[in-house]
1. Select from region 319-356 the residues that are of a type outside the set (A, V, I, L, M), surrounded by fewer than 19 Cβ atoms within 10 Å (Cβ to Cβ) and over 24 Å from residue 77 (Cα atoms) and list them in ascending order.
2. Among 26, 9, which is touching an Asp or Glu at 6+ places or on another chain (Cβ under 7 Å) and either in contact (Cβ under 8 Å) with a residue 12 or more places away in the chain or within 17 Å of residue 353 (Cα to Cα) (or both)?
3. Considering only region 168-184, I want to know if a residue exists there that is free of Cβ contacts under 8 Å to residues at least 60 places away in the same chain and either assigned by the TED database to the domain that holds residue 116 or of a type in the set (Lys, Arg) (or both).
4. Residues of region 184-231 being touching a helix residue (DSSP H, G or I) at 6+ places or on another chain (Cβ under 9 Å) and acidic (Asp, Glu), which ones?
5. Just a yes or no: is a residue in region 258-271 surrounded by 13 or more Cβ atoms within 10 Å (Cβ to Cβ), assigned by the TED database to the domain that holds residue 230 and of a type in the set (Ser, Thr, Tyr)?
6. Any residue at all in region 233-250 that's within 16 Å of residue 44 (Cα to Cα) and in a loop (DSSP other than H, G, I, E, B)?
7. Can you tell me which condition residue 150 does not meet? The list is (1) farther than 30 Å from residue 111 by Cα; (2) within 22 Å of the chain's Cα centre (by Cα), and all the others hold.
Amino acid sequence: MVRHIAIIGGGIIGATAAFYLSYLQGNKDVQVTLFDDGHGQATKAASGIISPWLSKRRNKRWYALAKRGAELYPDLVKAAQLSDKAYRKTGTIVTRKAETDLLNLYHEAQIKAEHTPAMGQIELLDSKTVQQRMPILTHAPAGVLVNGGARIDGADFVTELLKRAESNNVEVERERISVLPDGTIKSSSGVQKYDVVIVATGAWMRETLKPLGLDVKVRPQKGQLIDMTIHTAIKWDNMPVMMPESMSDIIPFNGGKLVVGATHENDEGFDLTPKAEARTELFNNAKAFIDTLSESQITGMRVGTRAYTDDFAPFFGSIPTMGSFLVGGGLGSSGLTTGPIIGYFLAQAALGNVTDDWNLYTKPISLYIN
């Protein structure tokens with residue numbers, strides 16, 4: 001008998017879950033519908049770096065989840081036949097301002113790389129070598145190169161994943177739906193009961209689940225970034241991305257596109273208005289490394305709303321009082337890294353194929369939803 005599955009939210013978690021539900025063993029036994037109106041979605045507004053291994057965060061569950069997320073990407077990209085525009089392994093240069101801190105970072109990277117094949121080769125680079133690897137820089141810092149790092153464009157990634165899922169018979173409905181108190185879903189087509197519902201609505205999850213009498217402990221955080229165009233003869237399709245300490249990420253894309261960001265604004269709620277102050281901050285952060293930039297090269301700003309939890313940790317699992325509901329959220333600024341592995345876990349659960357111990361990656365759902 002065919003089981004009906006609804007996915008609410010088409011961001012990084014929902015899109016990945018949709019793809020895997022169309023791809024994994026058992027996909028012929030389910031009918032999947034994804035609902036998303038795209039409003040304020042953090043993923044579509046995001047470009048980022050997949051390189052969690054040298055993060056300053058010391059949350060062991062978060063690190064285990066982020067590490068699995070980074071390891072998942074090559075297989076996901078191959079399975080979904082994603083383009084270089086969406087994801088490309090370029091290497092990541094991580095910087096530290098103090099030389100002692102940089103050497104400590106290098107030794108930490110060497111130790112981790114011994115049992116983390118996804119990190120690839122580790123190199124300690126002086127500022128001259130960094131400038132050679134990233135010729136767009138005029139004031140290059142010294143850094144540690146992690147060759148396994150990658151860049152990702154959230155909008156292209158989600159668009160391509162959903163296109164692949166649709167080609168495998170996942171239905172995508174571009175609309176906002178309502179969850180009713182009895183657990184049914186009200187859409188423009190009427191009210192329907194689903195065997196499994198995956199909720200991945202990010203900062204809007206509190207609103208999504210409120211009709212069920214549930215309180216979701218997430219808060220919104222505004223994130224803004226700028227897109228720039230640099231006209232140069234430099235070929236930079238494989239140029240590394242850079243994560244400067246206490247500064248905005250520098251992310252070169254094909255064709256002279258440069259992304260700088262993102263901001264972390266806790267007091268803006270769900271406001272999606274681009275702000276001049278953020279534009280100036282991001283531009284100045286980029287100009288600190290590329291002094292030839294001018295504001296006329298800014299081609300646009302992107303704004304999204306992230307979801308954060310009180311302990312800054314993502315969560316996922318089933319709602320104890322609603323066994324047919326699976327949730328994933330609270331991704332914060334690591335969503336592009338942790339979102340896909342959560343989507344994979346939830347898809348496996350919806351298909352009845354759970355083999356991983358989720359306690360290694362997340363605290364109980366009851367800490368975030370009650």
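The values are calculated or read from the model by the stated rules, or taken from the named source; none is laboratory data. As the structure is a computational prediction, the values presented were derived from the model and not from experiment. No Cβ is skipped: glycine too gets one built from the backbone with ideal geometry, and neighbour counts run over all protein chains shown. Side chains included, ligands, DNA and RNA excluded: accessible areas come from the protein's heavy atoms. Shrake-Rupley method; radii C 1.70, N 1.55, O 1.52, S 1.80 Å.
1. Answer for region 319-356, where residues must be of a type outside the set (A, V, I, L, M), surrounded by fewer than 19 Cβ atoms within 10 Å (Cβ to Cβ) and over 24 Å from residue 77 (Cα atoms): 320, 321, 323, 324.
2. Selected residue: 9, the only one of 26, 9 that is touching an Asp or Glu at 6+ places or on another chain (Cβ under 7 Å) and either in contact (Cβ under 8 Å) with a residue 12 or more places away in the chain or within 17 Å of residue 353 (Cα to Cα) (or both).
3. no
4. Within region 184-231, 195, 215 qualify.
5. For region 258-271, residues surrounded by 13 or more Cβ atoms within 10 Å (Cβ to Cβ), assigned by the TED database to the domain that holds residue 230 and of a type in the set (Ser, Thr, Tyr): present.
6. no
7. All conditions pass for residue 150, except number (1).
So that you can scan it fast, the table gives a plain yes or no per residue for (1) touching a Phe, Trp or Tyr at 6+ places or on another chain (Cβ under 8 Å); (2) outside any loop (DSSP other than H, G, I, E, B); (3) open to solvent by less than 20 Å² (accessible area, probe 1.4 Å); (4) of a type in the set (D, E, K, R):
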site	(1), (2), (3), (4)
10	yes, no, yes, no
16	yes, yes, yes, no
44	no, no, no, yes
55	yes, no, no, no
